[in-house]
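This report concerns only the one structure given below.
What follows is calculated from the coordinates using simple rules that are stated; it is not laboratory data. Predicted, not measured: the structure shown is a model, and the values here were computed from it. Note that we place each Cβ from the backbone using ideal geometry, even for glycine, and neighbour counts take in every protein chain shown.
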Amino acid sequence: MPDPNFGEHVDLSTFSQILEMDDEDHDFSKPLVDNFFEQAEETFVQMDHALSAQDLERLSSLGHFLKGSSATLGFSLIRDSCQVIQQYGSHLNVDGSREEDAAVCLGKIREALTDVKVHTAELKEKMNEFFELE
């Protein structure tokens, strides 16, 4: 297997463990990755609706959900952006201190949601290249 160049997008030690479960044609890892990206797109739609509704609790829950899925696959940048969404959805700054101003929380979530969508698109392209080269 060639050494994939995912940069900071992927924790290679975690992702390598997923790849170790594969046969030669990625029957295990490719569907997992494809399903993740489908799940992420669906979650982004829900996050956009929750952001429009200013539903911080829902945003926290969705951030937590996608953070777990991305962490399992080793998708570091996505995980980190989802952590920000989860924290601010719970009125917490990234350092864990309380943030009472909902407008500040929504602004930080809006930024993190933009970031996570960019990270996801970039990683999807890298993953497609990786699986095509294999």
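The distance between label points at residue 37 and residue 97 comes to 4.0 nm (points 7 Å beyond Cα on the Cα→Cβ vector). Which residue, 42, 57, 99, tops the fluctuation ranking in a GNM of the chain built on C-alpha contacts under 10 Å? Residue with maximal mean-square fluctuation among 42, 57, 99: 42. Each principal axis of the Cα cloud of the chain was taken in turn, and the coordinate range along them, longest first, works out to 51, 26, 20 Å. Between residue 52 and residue 24, the distance separating the two model label sites (each 7 Å from Cα on the Cα→Cβ line) works out to 4.9 nm.
Summed over qualifying helices (DSSP H, 4 residues or more, each -39500 (n - 2.57)) and divided by its residue number, the chain shows a 222 nm mean residue ellipticity of -24500 deg cm²/dmol.
Between the C-alpha center of segment 1-74 and that of segment 113-134 there is a gap of 10 Å. In straight-distance terms, cross-link reach from residue 126 covers every one of the lysines whose alpha-carbon lies under 18 Å from its own, apart from those fewer than eight places away in the same chain; here that gives 30, 117.
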